[in-house]
1. How well do other chains shield peptide B:280-287, expressed as the mean number of their Cβ atoms within 10 Å of each residue Cβ?
2. How tilted is helix B:315-332 with respect to the longest principal axis of chain B? Cα atoms for both, answer in degrees (0 to 90, nearest 10).
3. Shape verdict for the stretch B:16-176, please, from the Cα gyration tensor: rounded (a/c under 1.5), prolate (a/b greater than b/c) or oblate.
4. Compare the Cα positions of A:L200, A:V178, A:N210 along the charge dipole of the stretch A:152-229 (+1 at Cβ of Lys, Arg; -1 at Cβ of Asp, Glu; about the Cα centre) and return the one farthest towards the positive end.
5. How high is the relative contact order of the stretch B:16-176, given as a whole-number percent (alpha carbon pairs under 8 Å, six or more residues apart)?
6. List every residue whose amide H lies under 5 Å from the amide H of A:I365, counting only residues 5 or more places away in sequence or on a different chain, with H placed 1.01 Å from N in the peptide plane.
7. How many angstrom lie between the Cα centre of the stretch A:67-129 and the Cα centre of the stretch B:247-313?
8. Work out the mean other chain Cβ neighbour count within 10 Å for the residues of A:364-375 and drop it here as an integer.
Amino acid sequence: MKMKHQQTLIQRLLSPHQFPGGVHPPQHKAESTNVGSVKAKIPARLILPLHQHIGEPAEPIVAIGDKVLKGQRIAKADGYVSAAIHAPSSGTISEISNCPIPHPSGMNAPCIVIETDGEDKWGELNPTQDWKKLDASALRNIIRDAGIVGLGGAGFPSFIKLNPGANKSIDTLILNGVECEPYITCDDIIMRERSGEIMLGITIMRHALNAKECIITVEENKPDAFNAMTIMAKETSDVKVVKVPTIYPHGSEKQLIQALTGKEVPANGLATQIGVVCHNVATAAAVYRAVYQGEPLISRYVTITGSGVAEPRNIRALIGTPMAELIKQCDGNPASLSRVIMGGPMMGYAMQTGQVPVIKTTNCIIACTEEDVVSEPTVMPCIRCGACAEVCPISLLPQQLYWHSKSRDYDKAQEFNLFDCIECGCCSYVCPSQIPLVQYYRHAKGEIWADEREKAHADIARDRHEFRQARIEREEAEKAERHRKKKAALAAAKKKTTEATSDDNKTLIDDAVAKAKAKQLQQGPAADNITNDKIETGDR
Amino acid sequence: MEFKTPTSPHIHSGATVSRVMLLVMAATIPGIAVYVSYFGWGVVINILLALVTALACEAGILILRKRPVLPFLYDGSAVVTAVLLALALPPIAPWWIAVLGAAFAIIIAKQLYGGLGYNPFNPAMAGYVMLLVSFPIEMTRWQAPLANTEASLSFIDSWHIIFSGIQANITDAISMATPLDTLKTELRLDQSVEQIITGNPLFSNLAGLGWEWINIAFLIGGLFLIYKRIISWHIPVAVLATVAILSGVFYLIDADTFSSPMIHLLSGATMLGAFFIATDPVSATTSNPARIIYGVGIGVFIYVIRTWGGYPDAVAFSVLLMNMVAPTIDYYVKPRVFGHKQ
């Protein structure tokens with residue numbers, strides 16, 4: 001097996017802004033690009049998780065038993081960072097309950113389930129042909145209402161990334177068609193098949209962002225997609241299509257920006273801070289459909305591949321289609337698989353069951369047999385060879401992070417910038433001792449987050465406790481004061497009654513006043529200090 | 001239908017510790033071959049003795065430590081230690097030298113610190129230095145290159161010399177100081193470098209007879225390791241450049257008292273040290289800038305000890321001295337992380 005962990009020196013010299021590190025895992029892309037995409041069958045049940053994006057889960061606006069039409073909104077965005085969800089096909093809402101969703105934890109989460117009627121009948125669509133007349137915020141609203149999120153894998157609501165803020169200017173809009181993870185080819189195929197739609201989507205995005213320049217990036221290993229985009233870009237003269245070297249993780253936003261512009265996104269910062277916005281090419285196509293045709297995001301290109309399917313290919317699947325159905329449609333037997341990965345083999349996560357649905361961020365489903373993946377390697381001690389540091393695109397020292405994470409010395413791990421790790425997996429990939437390094441970092445991050453949450457809880461609890469203590473003390477002081485005053489008032493009244501000889505009327509009035517005062521004093525803690533003050537003043 | 005859900009990455013490059021060690025071993029073959037051709041079978045016998053001892057000690061301690069034996073024997077690290085140690089021994093040293101050195105390297109310098117990956121010192125060099133300090137006579141009685149002696153040494157002859165104790169007459173006939181040792185001794189007697197070298201059968205055009213080719217062969221093996229990305233270029237280049245520059249400067253100042261860079265680069269264990277010993281990942285520094293500092297440090301020590309110290313060669317001491325400071329270098333030299341200002 002030939003080990004090519006790094007680029008050759010010549011490659012590096014030719015592209016001066018290259019990011020450090022990176023690996024060259026076997027591509028496995030040709031398998032699924034031999035044939036064009038096909039449309040998937042409409043499944044009997046569509047399972048739509050309310051949380052398919054970064055941000056707050058969507059909020060259902062339908063009830064069980066409702067009939068819905070294709071494209072109809074069934075859940076609304078809850079807050080600013082959220083995304084609406086639409087019915088991918090017509091049918092009846094049969095369930096709103098917890099179902100397995102694609103998530104690293106394998107958890108169940110709230111989903112809307114639609115029993116499809118097979119008619120696939122569209123609801124009313126509102127296309128906007130003359131979008132150029134709209135201002136940026138109106139365009140963003142269309143994109144937001146269509147439920148569009150980043151289709152590259154992260155799923156951040158796209159309209160937010162089209163809003164650079166009032167006082168920020170965007171120099172560069174980068175369209176990410178790099179697709180550096182092995183196996184995944186959905187961006188490749190969509191660029192070949194829908195370059196026109198992508199280009200129109202880019203025009204809309206650029207209009208919304210008012211970006212000075214626009215670059216479409218395609219990795220060298222996709223010449224057909226590169227040519228398709230280049231031909232389309234010729235019509236819009238100032239959109240550049242750039243070929244970038246094939247190296248993982250070139251498609252990672254920060255690394256791509258560094259390679260193209262030489263600028264680094266500051267740690268804990270955003271690309272907009274350096275005047276760059278990055279969108280996936282498939283997102284551009286979705287934007288086009290939302291604006292020109294009024295179609296919300298209800299389907300996407302998904303690569304179905306891996307040696308567990310006989311006909312690996314790209315499928316245009318409705319969001320909500322169970323993964324097992326798509327595997328079957330590519331001539332695979334879900335029961336015979338050893339692992340099902342959503343995403344690529346470097347960063348994707350393994351599904352617990354084939355019943356989890358395709359969501360907005362599902363770019364690839366790898367139906368794995370033992371051939372595709374490593375299972376249970378013999379882990380040896382770290383020999384400090386530093387191969388991990390050589391491939392780290394962030395220039396971290398993965399080995400030090402490993403020692404500190406392993407020994408639970410999380411302060412030290414953070415000193416070595418644990419939270420800058422993008423979990424790309426390069427270090428684990430090259431480790432000769434086969435140490436699952438990324439797993440250690442994830443665990444450490446999780447522990448630190450848990451600690452922080454606990455600390456925050458403890459802080460709140462302590463504050464509450466202290467507040468309660470203070471209140472109790474104050475109340476007791478007040479109570480004691482009231483008792484004292486009541487006693488004094490009663491004693492005074494008694495004295496007056498016994499001393500009263502001449503003026504009965506006056507005595508009666510004094511009595512009434514004393515009683516009223518006593519009554520006022522007897523009122524609960526709500527009768528606050530102010531009342532006491534008044535009484536005190538009165539007494540003096 | 002339930003699937004396994006291990007976390008990403010789901011694929012691996014196929015690199016293993018065994019593969020790393022295997023390639024290191026493969027890269028020593030040209031050097032060993034040239035070494036044998038100049039100094040006879042004693043080299044091979046030393047390697048075999050050290051190998052058997054190292055593996056036996058490794059297995060024994062692993063059993064005592066209740067660790068899995070086979071994966072650790074299979075990783076090849078003990079083999080590398082044994083071979084590197086054996087290559088540093090005089091080819092006519094008695095058998096117990098190799099055995100004792102290998103046992104010390106594996107038991108004391110490696111396993112007692114926690115085994116593979118945990119030893120702060122290069123085990124082979126720790127073993128070598130222990131021998132050199134404890135048995136100076138055996139360790140400095142080097143054999144002359146076969147070309148310089150009347151006697152030819154068959155495998156059986158070497159076997160006899162190593163196992164049946166010192167056969168005084170044979171050994172005297174074939175033993176001689178190393179070129180570096182000769183230079184050191186003679187320079188103390190106020191001879192100039194040129195006077196020492198000219199006409200001395202121990203020296204050839206480049207450096208010590210035989211030694212120049214042994215060093216070139218190890219250089220070739222080392223380049224192979226860099227090409228295969230088993231080692232990075234930083235440590236060897238830093239070591240060799242430092243030795244070359246220092247010796248070059250002093251040679252230019254006074255060519256009579258200081259030997260040429262050529263002699264320094266192609267004598268003794270320079271190439272073996274730079275490519276195979278200093279690059280031992282466990283005991284070296286880990287990031288590239290730290291590797292340069294580490295390599296420069298070894299280069300400086302090699303030159304200083306060879307020139308002004310008490311020992312003719314200095315690779316082992318230099319490596320061990322830098323092993324001591326490796327963690328400190330690693331602590332202070334950190335690369336700038338993406339998105340952070342320095």
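1. Numbers: counts 3, 8, 5, 1, 3, 2, 12, 7.
Mean inter-chain Cβ contacts per residue within 10 Å come to 5.
2. In chain B, helix B:315-332 runs at an angle near 30 degrees to the longest axis.
3. Working: a/c = 2.40, a/b = 1.80, b/c = 1.33.
Cα axes put the stretch B:16-176 in the prolate bin.
4. Towards the positive end, the residue furthest out is A:N210.
5. Reported as a whole number, the value is 27 percent.
6. When sequence neighbours closer than 5 places are left aside, the close amide H contacts are A:T303, A:I304, A:T305, A:G343.
7. Each part reduced to its Cα centre gives a spacing of 70 Å.
8. Details: counts 0, 0, 1, 1, 4, 0, 0, 0, 2, 6, 7, 3.
So the per-residue partner count for this stretch is 2.
Every read-out reported here was derived from the displayed coordinates using simple, explicitly stated rules and does not represent laboratory data. The structure presented is a predicted model; accordingly, all values stated were derived computationally and were not measured. A quick note on method: Cβ atoms are made from the backbone with ideal geometry, for glycine too, and the neighbour counts reach across all protein chains shown.
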